[in-house]
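Below is one structure, written out as structure tokens, with a few remarks after it.
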Amino acid sequence: MSAHAEDLAAVEMARTRFEEGVTYFDAQRYEEARAAFLQAYALKPHPTILLNLGLSELHGGHYLEAAGHLADYLREAPEDAPERSTAEQGLKEARARLSELRLTAPGDEGEIYVDGTSVGRLPLLQPLFLTPGVHRVRLRRGSDSVVEEVYAVAGAVHSLTLALPSESDVQRLAPTSHVAQIDPLPTDSAPPAGPTDAPAAYPSFGSWLFSSPAGTTGLVLTGTGLALGIAGTIVATERYDSAEDATRTIEDAAAAQGRGGTICAGGTSSLPQFQNACGERQRRLDQGDTWRALAIGGYVGAAVIAAGTVAYYFLAAPSSEPRDTVARTPRPRVVPIATPHVQGLSVIGTF
């Protein structure tokens with residue numbers, strides 16, 4: 001097959017995939033529409049396919065990909081294209097759920113990585129969008145690199161300057177890390193906020209807990225430990241109560257036969273007619289002990305993980321306070337309580 005024939009076949013296949021994508025989109029089957037438009041664009045790149053791909057991703061909740069493809073469309077489409085307003089509105093909706101990172105670097109060259117993945121070389125051809133949360137941004141130029149940490153907030157614009165150690169006249173040590181300055185997202189009714197001398201913004205504990213990987217991991221593990229502790233407490237209590245019921249039944253039966261004293265010794269009895277009942281009683285006690293140990297382990301594990309999560313938050317938070325002032329600031333502590341009758345957690349301090 002000639003090259004021309006191959007091109008015609010690729011165009012025809014791209015047209016088929018594009019029409020399938022339109023059909024899926026009209027049926028609100030956005031994931032299938034997205035897959036069809038991706039295939040069409042791989043076969044025949046065209047701005048119209050980019051627009052439909054971006055809108056499918058927007059409706060499907062893939063806001064990061066939607067923002068990138070809609071920005072690509074606006075860059076490639078003619079200025080008088082009638083669909084530009086649709087793309088601009090879609091990009092505005094995606095940006096409201098993302099953060100935009102504006103990067104600068106001396107020399108304006110080098111490769112940019114976000115969370116270990118290359119996103120291109122400077123100067124970037126399109127805005128760099130981030131999902132809300134903590135991200136590590138690296139500039140690599142030759143064998144030199146520098147890493148900065150950005151806490152991305154939905155609907156915000158982050159300004160970040162990356163300078164290699166040799167460019168900022170600092171000693172060549174481990175990569176530095178700080179939270180980038182956050183500026184409000186410009187709106188149609190208000191101009192962009194200007195530079196500020198305020199310290200870099202850092203999220204509250206609640207926001208950090210639900211948006212950062214470390215926070216959510218700590219929250220899930222703490223919840224798992226608490227769930228194990230509560231479940232263990234409930235089952236252990238039921239087993240101990242059941243063992244007490246068995247003890248009363250055995251004692252009543254022995255009294256009816258005129259026998260007193262200790263009937264069960266461990267899991268057995270000197271009286272043959274009570275051996276099975278004593279064995280069942282001991283089995284319930286052993287189950288209660290096992291579940292009680294699991295409950296204590298769950299509570300203690302949850303306390304350790306919760307304390308570690310809180311400590312990580314405060315250790316990672318930048319502070320402009322003098323060191324002696326920070327050292328005197330009360331920190332919350334999570335203390336486990338585990339007694340034969342009470343298991344739980346106690347939180348001491350202030351947030």
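Taken over the stretch 122-149, the criterion of being in a strand (DSSP E or B), closer than 15 Å to L164 by Cα and either more than 17 Å from the chain's Cα centre (by Cα) or not assigned by TED's automatic domain parsing to the domain that holds A163 (or both) is satisfied by V137, R138, L139, R140, R141, D144, S145, V146, V147, E148.
Determine if the stretch 257-267 includes at least one residue that is outside the structural domain of V150 (by TED's automatic domain parsing) and in a helix (DSSP H, G or I). The answer is no, given that none of the residues of the stretch 257-267 is outside the structural domain of V150 (by TED's automatic domain parsing) and in a helix (DSSP H, G or I).
Hey, any hits in the stretch 228-236 for a residue that's touching a Lys or Arg at 6+ places or on another chain (Cβ under 6 Å), in the same structural domain as A293 (by TED's automatic domain parsing), surrounded by 12 or more Cβ atoms within 10 Å (Cβ to Cβ) and touching a residue at least 12 places away in the same chain (Cβ under 8 Å)? Yes: one or more hits.
Looking only at the stretch 106-124, decide whether some residue is buried (at least 19 other Cβ atoms within 10 Å of the Cβ), under 28 Å from T216 (Cα atoms) and of a type outside the set (V, I, T). No; the residues of the stretch 106-124 include none that is buried (at least 19 other Cβ atoms within 10 Å of the Cβ), under 28 Å from T216 (Cα atoms) and of a type outside the set (V, I, T).
Taking the criterion of being out of contact with any strand residue (DSSP E or B) (no Cβ under 8 Å at 6 or more places or on another chain) and over 25 Å from Y63 (Cβ atoms), the residues of the stretch 77-105 that qualify are P78, E79, D80.
Out of A214, A303, A253, A227, which single residue is over 25 Å from the mean Cα position of the chain (by Cα) and among the small types (G, A, S)?
Details: A214 fails: over 25 Å from the mean Cα position of the chain (by Cα); A303 fails: over 25 Å from the mean Cα position of the chain (by Cα); A227 fails: over 25 Å from the mean Cα position of the chain (by Cα).
It is A253.
The values are calculated or read from the model by the stated rules, or taken from the named source; none is laboratory data. All of these numbers come straight from a predicted model, not from anything done at the bench. Cβ: placed from backbone, ideal geometry, glycine included. Neighbour counts: every protein chain shown.
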